[in-house]
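Everything on this sheet refers to the single structure shown next.
The values are calculated or read from the model by the stated rules, or taken from the named source; none is laboratory data. It should be emphasised that the depicted structure is a prediction, and the values quoted were computed from it without experimental measurement. Counting neighbours? That spans all protein chains shown, and the Cβs are built from the backbone with ideal geometry, glycine included.
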Amino acid sequence: MSGLPPYASAGQRTWYYGFRILCALIFFFLIFPIMVIIPLSFNAQDFFTFTREMLAFEPAGYSLKHYEDFFTNPDWQQALTNSFLIAPVATLLATGIGTLAAIGLSQSHVPFRPAIMAILISPMIVPLIISAAGMYFFYSRIGLQGTYWGVVLAHAALGTPFVIITVTATLVGFDRSLVRAAASMGADPVKTFFRVQMPLIIPGVVSGALFAFITSFDEVVVVLFLGSASQKTLPWQMFTGLREQISPTILAVASVMVALSIALLTTLEMLRRRSERLRGLSPA
């Protein structure tokens, strides 16, 4: 059981409670600016601040009109549709490329593995504005700037490092003797991958896919560089709403995206625990 033993010294007690207070303050500092958006999204007025009625918890101070505007406004719905047209395709590409790259880099005979890994995960290290500018000049030369596939490929490039990292972490506990046993029984590499490797690393693959999806769904900088008006995504529409219209509907959209992120993170945590159970790192 966790907790302080009865014979703990004054210094140990101070550190025990002080550390927890510090963690609580950090948690509050990180979460409060996000959580404050949710009640504001129910504001009956077109304000970005709490009204007197809201602070008094009067029913007249709350309304669903911003959510209604989000689900009925053609501009918002088109942006939402674009996001769901781009993010899943980019996720599939990132998951396929990242999984194959992680499996390849897990082989001990591959030369220059650290250098190759550094290059593959560089999109998540290099500042996004630099990546977006580089993609803009490259895609404009090959005719993909302002196209659907240009945005999809750019988002796939941003999501691939997350897939590589999660799948590589899953492969750490993978038993290579299973692959050799399958090969000795006549299974070709493709059948071995789908029948032996994939069932065991699927939690890491799905976790990487969810990270890639979140990255694509929330991304705005690359879309501003590479997209056209027909590829306006939900974050782009939110950015436009803040810069030009100051639309309170942004609060409702932000709340929906927070709920979606919480659902995806919960799924990731469930997959992480399942992966640990499969590798024998935690009790069932």
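For region 47-60, which positions are polar (S, T, N, Q) and loosely packed, with under 13 Cβ neighbours inside 10 Å?
Answer for region 47-60, where residues must be polar (S, T, N, Q) and loosely packed, with under 13 Cβ neighbours inside 10 Å: just Thr49.
Do you know which of the residues in region 58-105 that are more than 25 Å from the chain's Cα centre (by Cα) and of a type in the set (A, V, I, L, M) is modelled with the lowest pLDDT?
Ala60
Looking at region 93-147 only, could you name the residues that are touching a residue at least 60 places away in the same chain (Cβ under 8 Å), in a helix (DSSP H, G or I) and under 30 Å from Val179 (Cα atoms)?
Residues satisfying the conditions are Leu93, Ala94, Thr95, Ile97, Gly98, Thr99, Ala101, Ala102, Ile103, Leu105.
Quickly run through region 223-234 and pick out the residues that are assigned to a helix (DSSP H, G or I) and surrounded by fewer than 20 Cβ atoms within 10 Å (Cβ to Cβ).
Selection gives Leu224, Ala229, Ser230.
For region 1-44, enumerate the residues that are more than 29 Å from Glu58 (Cα to Cα) and in contact with a helix residue (DSSP H, G or I) (Cβ under 6 Å, 6 or more places away or on another chain).
Leu4
I'm trying to understand the selection: among the residues of region 103-148, which are loosely packed, with under 11 Cβ neighbours inside 10 Å and of a type in the set (Lys, Arg)?
Arg141
So how many residues does region 36-70 have that are in contact (Cβ under 8 Å) with a residue 40 or more places away in the chain and in a helix (DSSP H, G or I)?
Of the residues in region 36-70, 7 are in contact (Cβ under 8 Å) with a residue 40 or more places away in the chain and in a helix (DSSP H, G or I).
Do we have any residue at all in region 69-80 that's small (Gly, Ala, Ser) and more than 16 Å from Met238 (Cα to Cα)?
No, there is no match, as no residue in region 69-80 is small (Gly, Ala, Ser) and more than 16 Å from Met238 (Cα to Cα).
Okay, residues lined up against (1) at pLDDT below 85; (2) surrounded by 13 or more Cβ atoms within 10 Å (Cβ to Cβ):
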position: Arg20; (1), (2): no, no
position: Ile26; (1), (2): no, no
position: Ile38; (1), (2): no, yes
position: Gln45; (1), (2): yes, yes
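Ile165: among the β-branched types (Val, Ile, Thr) and either touching an Asp or Glu at 6+ places or on another chain (Cβ under 6 Å) or surrounded by 19 or more Cβ atoms within 10 Å (Cβ to Cβ) (or both), yes or no?
Yes; evaluated as a whole, the condition is true for this residue.
Looking at region 243-262, which of its residues are within 23 Å of the chain's Cα centre (by Cα) and exposed (fewer than 12 other Cβ atoms within 10 Å of the Cβ)?
Result: Ala259, Ile262.
List the pairs whose first member sits in region 181-210 and is within 13 Å of Leu100 (Cα to Cα) and of a type in the set (Val, Ile, Thr), whose second member is assigned to a helix (DSSP H, G or I) and at pLDDT 75 or above, and whose Cβ atoms are under 7 Å apart, counting only residues at least 6 apart or on separate chains?
Here the result reads Ile201/Val167; Ile201/Thr170; Ile201/Leu171; Val205/Thr95; Val205/Thr99; Val205/Val167, each pair linking region 181-210 to a residue that is assigned to a helix (DSSP H, G or I) and at pLDDT 75 or above.
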